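Comments concern the structure below.
The values are calculated or read from the model by the stated rules, or taken from the named source; none is laboratory data. The model shown is predicted, which means the values in this text are computed figures rather than measured ones. Positions of Cβ are generated from backbone atoms using ideal geometry, with glycine treated the same way; all protein chains shown enter the neighbour counts.
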Amino acid sequence: MLGIEFGRAPGLVGRSGGRAGAHGHEEWNDLGDEIAGEAAAGDCGPLPNDEAVLARLKAGDEAMFALVLDTWSPGLHRLARGYVSTDASADEVVQDTWVAVIRGLDGFEFRSALRTWVYRILVNTAKTRGSREARTIPSGGLFAGEFLSEDAGPTVDPGRFQPGEGPGAGSWLHPPTAWPSPEGAAIARETRQRIAQALTELPERQRIVVALRDADGWSAEEVCEIMGISAGNQRVLLHRGRAALRTQLEDYFPSGRAASEGVSA
Amino acid sequence: MKALTCQELVELITRHLEGALGPAEEARFAEHLAGCRGCDRYLAQFRRTIDALGHLPVESISAGTRDHLLDAFRTWHAR
């Protein structure tokens with residue numbers, strides 16, 4: 001496994017930091033979609049526009065293939081990992097995807113961005129593989145039997161708010177408590193590990209949307225295109241997935257809700 | 001216009017972050033947030049969750065798979 005981190009890999013990401021949800025990927029993401037673009041290919045990221053990439057791939061340019069492979073495989077691997085039970089299986093799904101991509105290059109017609117097409121192949125490959133493995137969300141898993149459904153209902157336990165219709169109804173009864181400072185390296189690492197695990201356990205559509213938007217920095221429009229969903233639906237899935245992950249962190253941190261409830265009620 | 005409750009605000013956060021709230025809704029959102037520690041903290045934790053997602057450890061394909069795929073590309077082009 002290549003142990004790189006987004007935002008750290010030289011040449012992979014233009015700029016790191018910035019607002020949550022915007023990880024500098026947008027620069028090369030946007031560039032990748034820009035079919036007829038001419039501007040600033042040099043300083044916006046490693047990949048030129050789709051037409052140029054495709055032309056070089058069709059010409060057998062191995063360096064270009066390696067670049068595309070190295071740029072997209074981490075995101076593909078993450079997405080695959082949610083469908084299958086092991087890293088090795090995810091590896092095979094990504095491999096099968098790229099083999100299908102190579103075979104399909106001659107037929108690619110720019111009906112979508114190249115990357116969107118590649119990711120769609122991954123999703124189809126992973127689904128087939130995942131159902132063969134008969135992997136299901138464990139019935140005793142994180143979200144089973146809880147108030148969270150895939151796309152309807154409240155994202156925060158209604159029991160945390162004052163009930164009824166009167167004044168104060170809907171106000172926090174059990175407000176969130178402080179989390180440990182994010183500045184400590186150990187906390188930051190634990191947070192990421194916890195989130196990475198919880199992400200694989202989200203319901204499928206939430207997981208895909210959250211992984212693409214927040215982990216890989218795709219735009220809302222791209223996610224709608226790859227999944228064939230409306231902007232509103234995309235936003236609902238994103239919100240529900242994020243809220244579920246926040247709850248996971250809350251339950252994990254020692255000063256979280258579970259620890260405080262005994263005292264504060 | 002009726003003020004937002006905390007329970008309503010928590011469901012609007014992604015729309016707020018995406019810039020998808022209308023001006024009136026956005027004003028209600030800001031007004032509630034300014035006077036509510038619980039919601040302010042909830043929003044901060046929501047952002048922190050998103051931020052952590054943007055810095056997940058990245059795993060990719062194994063070196064062996066990568067080599068195999070480079071071979072496959074070479075073979076495809078030489079066909």
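See the values below:
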{"item": "The one condition in (1) outside any helix (DSSP H, G or I); (2) more than 8 Å from chain B (Cβ to nearest Cβ); (3) over 19 Å from residue B:11 (Cβ atoms) that residue A:182 fails to fulfil", "result": "(2)"}
{"item": "Residues (part of a loop (DSSP other than H, G, I, E, B) and within 19 Å of residue B:60 (Cα to Cα)) located in the stretch A:207-219", "result": "A:216, A:217, A:218"}
{"item": "Odd one out for residue A:159 among (1) of a type outside the set (Asp, Glu); (2) out of contact with any Lys or Arg (no Cβ under 9 Å at 6 or more places or on another chain); (3) surrounded by 13 or more Cβ atoms within 10 Å (Cβ to Cβ); (4) modelled with pLDDT of 95 or more", "result": "(3)"}
{"item": "Pair list, Cβ < 6 Å and 6+ apart or interchain, from the stretch A:192-206 residues that are more than 10 Å from chain B (Cβ to nearest Cβ) and in a helix (DSSP H, G or I) to residues that are among the hydrophobic types (A, V, I, L, M, F, W, C) and surrounded by 16 or more Cβ atoms within 10 Å (Cβ to Cβ)", "result": "A:205/A:237; A:206/A:237"}
{"item": "Considering residues of the stretch B:24-79 that are facing chain A (nearest Cβ under 7 Å) and of a type in the set (Val, Ile, Thr) only, the residue surrounded by the most Cβ atoms within 10 Å (Cβ to Cβ)", "result": "B:61"}
